[in-house]
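Contents: one structure, followed by commentary.
Values quoted throughout were computed directly from the atomic coordinates according to the rules given, and no laboratory measurement underlies them. The structure displayed is predicted, hence computed values, not measured ones. Every residue, glycine as well, gets a Cβ built from its backbone with ideal geometry; the counts of neighbours run over all protein chains shown.
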Amino acid sequence: MTNQNASKKAEKTQAIQDWTAKKIQLSDSWIDDEINQTSRAIIRGGIYKCELGENIGKEQSEKRPVLVISNELINTTSPNISVIPLTKKLKYKMAKTKGGKEYKKPRYNSHFFLFKKDYPFLEHDSAVLGEELKTVSKIRIAEHMGDIEDQMVINKVLQRVKWVYGM
């Protein structure tokens, strides 16, 4: 094992141990407040900060913005909801409109861009990572950042998710 790998492993071990302590706190909070957490009003199309924890490989980790895509019935009655993580790392290729104007197009079919100029509550231009769909407990959901109110945008995100699953 190289020194670099040993260092990476030690850092990852520490991050997982830190996450384990945080996960225990979240679990305790859930047990103490299950009824209120289950009935929390989480909005489809809402962007919230979510504690995804420390994961393995290239899985999305840490506290980050997520887009809620589960339907309103699930969002108001279930202890869990479906979310898609966002990243500030936009991977794009340049494309042209029919009028010849250049724009940034997602490199991957599973990504959809949300730009800060359109959604000022975002901290950065962001990519919705359709391939990273997750079901999470509502206890992981922290502050509400804002909403994607345009149903066409939500539908475009859902098209990317469908593409991921071959639907």
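One table, with the values for the structure above:
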| item | result |
| --- | --- |
| Total residues in the range 137-153, condition surrounded by 18 or more Cβ atoms within 10 Å (Cβ to Cβ) and either assigned to a loop (DSSP other than H, G, I, E, B) or of a type in the set (A, V, I, L, M) (or both) | 3 |
| Test: Leu122 is more than 22 Å from Trp30 (Cβ to Cβ), surrounded by 11 or more Cβ atoms within 10 Å (Cβ to Cβ) and in contact with a Ser or Thr (Cβ under 6 Å, 6 or more places away or on another chain) | no |
| Some residue of the range 3-23 being out of contact with any helix residue (DSSP H, G or I) (no Cβ under 9 Å at 6 or more places or on another chain) and under 30 Å from Gln151 (Cβ atoms) | no |
| Any pair with Cβ under 9 angstrom, 6 or more apart, that starts in the range 31-56 at a residue that is in contact (Cβ under 8 Å) with a residue 60 or more places away in the chain and in a helix (DSSP H, G or I) and ends at one that is among the acidic types (Asp, Glu) and surrounded by 14 or more Cβ atoms within 10 Å (Cβ to Cβ) | none |
| Answer residue from the range 78-116, given it is touching a helix residue (DSSP H, G or I) at 6+ places or on another chain (Cβ under 7 Å) and among the β-branched types (Val, Ile, Thr) and is farthest from Asp33 (Cα to Cα) among those | Ile84 |
